[in-house]
1. Using a simple spin-label model with points 7 Å from Cα along the Cα→Cβ vector, what separation in nm is obtained for Gln125 and Glu282?
2. Please report, in debye to the nearest 20, how large the charge dipole of the stretch 4-213 is about its Cα centre when each Lys and Arg carries +1 at its beta carbon and each Asp and Glu carries -1 there.
3. Given points 7 Å out from each Cα along the Cα-Cβ axis, report the Ala296 to Ser225 separation in nanometres with one decimal.
4. For the stretch 76-221, calculate the relative contact order in percent as a whole number, restricting contacts to Cα pairs under 8 Å that are 6 or more residues apart.
5. According to the Cα gyration tensor, what semi-axes, each the square root of 5 times an eigenvalue, does the equivalent ellipsoid of the chain have, listed from largest to smallest in whole Å?
6. Among Leu262, Thr189, Thr174, pick out the residue whose Cα is farthest towards the positive end of the charge dipole of the stretch 147-266, where Lys and Arg carry +1 and Asp and Glu carry -1 on C-beta, about the Cα centre.
7. Tell me the mean residue ellipticity at 222 nm calculated for the chain from its helices only (DSSP H runs of n ≥ 4, each -39500 (n - 2.57), averaged over every residue, nearest 500).
8. Any idea how far apart Arg47 and Leu150 come out in nm if each label point goes 7 Å out from Cα toward Cβ?
Amino acid sequence: MRSCDDAGEVTVEGDCFSPLRFDSADLPVADQYRTFASAMVNFDMARDSTGPFAARALIWRIGALVVTQVTAGPVQYDRPLSRVRGDKVDHIYLNYHFRGAVQVDCGRGAARAGPGSLLVIDMRQPCRMDVGSIEEISVAVPRHLIMPRLESFDPHGLIATGGMTELLGATLRTICTSLPKVEPVHASTLERAIMDLAADAVLEALSKAEATTKRQEALASRVRSYIDAHLAEPLDVAAICAGVGVSRSSLYRAFGGSGGVLRQLQSRRLRKMHQLLDDPAETRSIAALAQVTGFADKSHFARLFKRAYGTTPGQFRAMPGARDRKVRDHHVAQVFGDWVSELG
């Protein structure tokens, strides 16, 4: 069997790996974007402009993988739930970005994947991507080749960075550059090399994300304990940050922004007031208890209490059998929501 190096120019692949090629410059302007979008059969495509559309791609089949080198102009990819249910596509995309950025929303809020990052998309789940002018290598992977290696993590929407991710990107570029000189008999070796690096890069990023989540949960627990111990004080975001010893950004990440922090504070104050009013041994006035729980404005406190529990503080305290009382049915949903929110 001859070596592929004997083929001469690498554009003449002979018995070596040979890609599918696309270059929008070869098409009339009216067909450039339309032809590019027609290949994206699993997405609803759109763009903000008309006229010329620049895109070039080399598409390689390496064993069970489809590897695409692409440079392209700005475009939006949308995979709504209706399309997920309709086409039943079942693979994972690993998109390594060399240049440009992607704004992506996979149902957990918008995030940005920039140069040097790996974006993971599970085609069984909805997503939307606003892609700028980019250069990337995309690897379409059958689910069975990667999901069993991810230790039950859900990678959808993951944006991986770090050493293993950079190594994956460099390896993908080297492999694609060398493929015209490589015989297809080596496809299984190349497939394993790509999948080993990809799985390690994704696991590394997932482990970091899990560690970050645990740190945020620990911080949220510290904050709740601090609030409970300082309910009578005029707490705000600045005071909580100073008391716990964290930055605003760390606090916001743990509670979903300043609104989440303040809702937690209000919820815990109301819960404490509810407990005090429910205690038959507690004899202090409602006004005094409002001060103890940090409510400086009695009328504002009364409105909040009624909205949360369906009755005024005075009416609640006057009810017989307070300790054994059940929340009425039409308040269950609201109170349940408060209780769940208090869990963090």
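1. So the two model labels end up 4.2 nm from each other.
2. Working: 20 positive and 27 negative charges, 132 e Å.
That gives a dipole near 640 debye.
3. Reported label-point gap for Ala296 and Ser225 is 2.8 nm.
4. Numbers: 228 pairs, mean separation 35.1, N = 146.
Dividing the mean separation by the residue count of the stretch 76-221 yields 24 percent.
5. Values: eigenvalues 670, 87, 63 Å².
Sorted largest first and rounded, they come to 58, 21, 18 Å.
6. So the residue furthest toward the plus end is Leu262.
7. Value at 222 nm, helices only: -14000 deg cm²/dmol.
8. For Arg47 paired with Leu150, the spin-label model returns 3.0 nm.
Just so you know, all these numbers are worked out from the coordinates, no wet-lab data involved. Owing to the predicted nature of the structure, the values given are computational and were not obtained by experimental measurement. All Cβ positions, even for glycine, are placed from backbone atoms using ideal geometry, and neighbour counts span all protein chains on display.
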